[in-house]
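The values are calculated or read from the model by the stated rules, or taken from the named source; none is laboratory data. A quick note: this is a predicted structure, and the numbers were derived from the prediction, not measured. All Cβ positions, glycine included, derive from the backbone under ideal geometry; neighbour counts span all protein chains shown.
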Amino acid sequence: MTTTNQKQLGSTLWAIADQLRGAMNADDFRDYMLSFLFLRYLSDNYELAAKRELGSDYPELEHDSYLVPLKIWYELNPEDVDAFEKQMRRKIHYVIQPTYLWNSIAHLARTQNGELLNTLQAGFHYIENESFKSTFQGLFAEINLASDKLGRTYADRNAKLCTIITKIADGLSEFSTDIDSLGDAYEYLIGQFAAGSGKKAGEFYTPQQISDILSGIVTLDSQEPKSGTKQRLESVLDFACGSGSLLLNIRTRVKKAGGTIGKIFG
């Protein structure tokens, strides 16, 4: 269930979105907001895995440092980078180079760096095409960093992105942002954008509460309901999965019960 902290985080991010989108409609701004939040999610997951992999070799920095530990490690150990990235692809199935991690991007935004837009474009291209085979192909296809809606010139677009990313980074810094919290905030924002933009082209958002109920029904042992959640599901299919929240809920529910799922399809 979503905690108070997670609800406040989602509410804060929605307020930031409402404040920043200006003349841009909710559908357009949604793509930017959710893409940046997902970049933060991918970055956090990657850095946690890198810290586990490197152990005592992972640089320890002050809590308020703007430096990125993994970038320091790359600079100090260039001969080990290839082997490290190969291991990360094997273990968590993707790689994000330090320059493209959320904290690196957020620092460029906070300092109004003129290369932010170029760095973002290169980062999205790298994650989609080089991170790991075709795992993230098309992941950021909906976000147009060259859109006139961000500004007429490169400098205007860069300045707008600096403002958006800085506000998001500052909003996230006020809360506990573990991966579960980010996932719930992401779901909250999808719901808010869906409610704000109306339903069109057959797109409908399933509220988190209904998703919880459906996942409970799917995972319940129908032959012996008193036994609770099934210990093994061979496969799960959601033929209209949207953001995938129902599939993720089912996986989480089975995992918490100590069970396993063979394959998930959406």
Of the residues in segment 122-146, how many are surrounded by fewer than 14 Cβ atoms within 10 Å (Cβ to Cβ) and among the small types (Gly, Ala, Ser)? 4
Go through segment 82-101 residue by residue and tally those that are without any contact (Cβ under 8 Å) to a residue 24 or more places away in the chain and either within 19 Å of Leu42 (Cα to Cα) or polar (S, T, N, Q) (or both). 3
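Quick one: is Val68 under 18 Å from Ile165 (Cα atoms), surrounded by 12 or more Cβ atoms within 10 Å (Cβ to Cβ), in the same structural domain as Leu161 (by TED's automatic domain parsing) and among the aliphatic types (A, V, I, L, M)?
Details: under 18 Å from Ile165 (Cα atoms): yes; surrounded by 12 or more Cβ atoms within 10 Å (Cβ to Cβ): yes; in the same structural domain as Leu161 (by TED's automatic domain parsing): yes; among the aliphatic types (A, V, I, L, M): yes.
Spelling it out, Val68 is indeed under 18 Å from Ile165 (Cα atoms), surrounded by 12 or more Cβ atoms within 10 Å (Cβ to Cβ), in the same structural domain as Leu161 (by TED's automatic domain parsing) and among the aliphatic types (A, V, I, L, M).
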Just wondering, is there one or more residues in segment 45-53 that are small (Gly, Ala, Ser) and outside any helix (DSSP H, G or I)? no
Which members of segment 141-192 meet the condition of being at pLDDT below 85, under 18 Å from the mean Cα position of the chain (by Cα) and assigned to a loop (DSSP other than H, G, I, E, B)? Ala141, Glu142, Glu174, Phe175, Ser176, Thr177, Asp178
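Restricting attention to segment 147-171, and to residues there that are of a type in the set (Lys, Arg) and more than 13 Å from Ala109 (Cβ to Cβ), which single residue is surrounded by the most Cβ atoms within 10 Å (Cβ to Cβ)?
From segment 147-171, those of a type in the set (Lys, Arg) are 149, 152, 157, 160, 167; that's our starting set.
Retained after the next criterion (residues that are more than 13 Å from Ala109 (Cβ to Cβ)): 149, 152.
Details: Lys149: 16, Arg152: 9.
Applying the filter and picking the extreme gives Lys149.
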Note on segment 90-121: residues among the polar types (S, T, N, Q), outside any helix (DSSP H, G or I) and surrounded by fewer than 17 Cβ atoms within 10 Å (Cβ to Cβ) are Thr111, Gln112, Asn113
